[in-house]
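Novice: I have a structure here, written as structure tokens, and I will follow up with some questions on it.
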Amino acid sequence: MKKQSSTNSTRSEVKVEMARMPLASRPGYLVRRLHQIHSAIFLEECQEFGITPVQYGLITTLLNNPGIDQVTLGGEVGIDRTNVADVLNRLSERGLVRRERSQTDRRSMVAFLTKEGEAVADKMYDSMRRAQDRFLAPLRPEFRAAFLAMVTELIEGNSKYSLPDTNSASARRKSAASRDE
């Protein structure tokens, strides 16, 4: 009987503690909800292309980094190499991406946009831009840059908790930025 009352007491304490931190005050919950909202807006604006936000992220990265290897590509987009391979397969089946063995490391695969992939990136840009604008629209214009800076700082400050093969992207960007100064 004593053990049962101890368990009930612990449950009551947990309930009280949870009531002190409702969902709307939990950053992780809020970020997940923002992701859901952004994905819905993106898919609505870009529905004619049948491209997901992750696919468009890969397309954009390949547009700016032709011939990038799959591990680095995953690091830039924030997904693991298995998911990169899966997304690239789907884009390849649509004729938007081609892959080949790296000339410098035969174990590695590199990816390129095809002409069709470049055309889709170009045609989608305005739709993607509208999605970003709609997503940020509830914020006053003067807060948008600060919001993006804070989100970026949270990502970079917590990158050690990211997937193992995605941690290097932020370090490469910082290194490149310091070389440019």
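Novice: So, residue 121, is that one modelled with pLDDT under 90, of a type in the set (A, V, I, L, M, F, W, C) and part of a helix (DSSP H, G or I) or not? Spell out the reasoning first.
Specialist: Values: modelled with pLDDT under 90: no; of a type in the set (A, V, I, L, M, F, W, C): yes; part of a helix (DSSP H, G or I): yes.
Here the answer is no, as residue 121 does not meet what is asked.
Novice: Another question, if that's okay. Of everything in segment 58-102, what is closer than 20 Å to residue 122 by Cβ and of a type in the set (S, T, N, Q)? Give them in sequence order.
Specialist: 60, 61, 64, 65, 92
Novice: Check residue 129 against each of (1) surrounded by 12 or more Cβ atoms within 10 Å (Cβ to Cβ); (2) under 15 Å from residue 39 (Cα atoms); (3) not aliphatic (A, V, I, L, M) and name the one condition it does not meet.
Specialist: All conditions pass for residue 129, except number (1).
Novice: Sort out for me the helices (runs of 4 or more DSSP H) sitting completely within segment 13-96 that have 3 or more residues that are surrounded by 11 or more Cβ atoms within 10 Å (Cβ to Cβ) and free of Cβ contacts under 8 Å to residues at least 40 places away in the same chain.
Specialist: Numbers: elements: 27-45, 53-64, 70-77, 81-93.
Ranges flagged: 27-45, 53-64, 81-93.
Novice: Among the residues of segment 124-143, write down those that are assigned to a helix (DSSP H, G or I) and free of Cβ contacts under 8 Å to residues at least 60 places away in the same chain. Don't jump to the end; show me each part of the working.
Specialist: Filtering segment 124-143 down to residues assigned to a helix (DSSP H, G or I) leaves 124-136, 141-143.
Of everything in segment 124-143, those that are assigned to a helix (DSSP H, G or I) and free of Cβ contacts under 8 Å to residues at least 60 places away in the same chain turn out to be 125, 126, 129, 132, 133, 136, 141, 142, 143.
Conditions (1) touching a helix residue (DSSP H, G or I) at 6+ places or on another chain (Cβ under 6 Å); (2) over 24 Å from residue 158 (Cα atoms); (3) at pLDDT below 95, marked per residue:
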site	(1), (2), (3)
10	no, yes, yes
17	no, yes, yes
35	no, no, no
45	yes, yes, no
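Novice: Ok, one more. Let me confirm something: among 128, 124, which residue is farther than 18 Å from residue 88 by Cβ and either of a type outside the set (Val, Ile, Thr) or in contact with a strand residue (DSSP E or B) (Cβ under 9 Å, 6 or more places away or on another chain) (or both)? Don't jump to the end; show me each part of the working.
Specialist: Values: 124 fails: farther than 18 Å from residue 88 by Cβ.
That would be 128, the only listed residue that is farther than 18 Å from residue 88 by Cβ and either of a type outside the set (Val, Ile, Thr) or in contact with a strand residue (DSSP E or B) (Cβ under 9 Å, 6 or more places away or on another chain) (or both).
Novice: Another question, then. Is there a residue being polar (S, T, N, Q), out of contact with any Asp or Glu (no Cβ under 6 Å at 6 or more places or on another chain) and under 21 Å from residue 132 (Cβ atoms) anywhere in segment 71-88? So that I can check it myself, show each step before the final result.
Specialist: We begin by selecting, within segment 71-88, every residue polar (S, T, N, Q); these are 72, 82-83.
Restricting the remaining residues to those that are out of contact with any Asp or Glu (no Cβ under 6 Å at 6 or more places or on another chain) gives 72, 82-83.
Narrowing further to those that are under 21 Å from residue 132 (Cβ atoms): none.
Taking every residue of segment 71-88 in turn, none turns out to be polar (S, T, N, Q), out of contact with any Asp or Glu (no Cβ under 6 Å at 6 or more places or on another chain) and under 21 Å from residue 132 (Cβ atoms).
The values are calculated or read from the model by the stated rules, or taken from the named source; none is laboratory data. Worth saying up front: this structure is predicted, and the values here are computed from it rather than measured. Cβ: placed from backbone, ideal geometry, glycine included. Neighbour counts: every protein chain shown.
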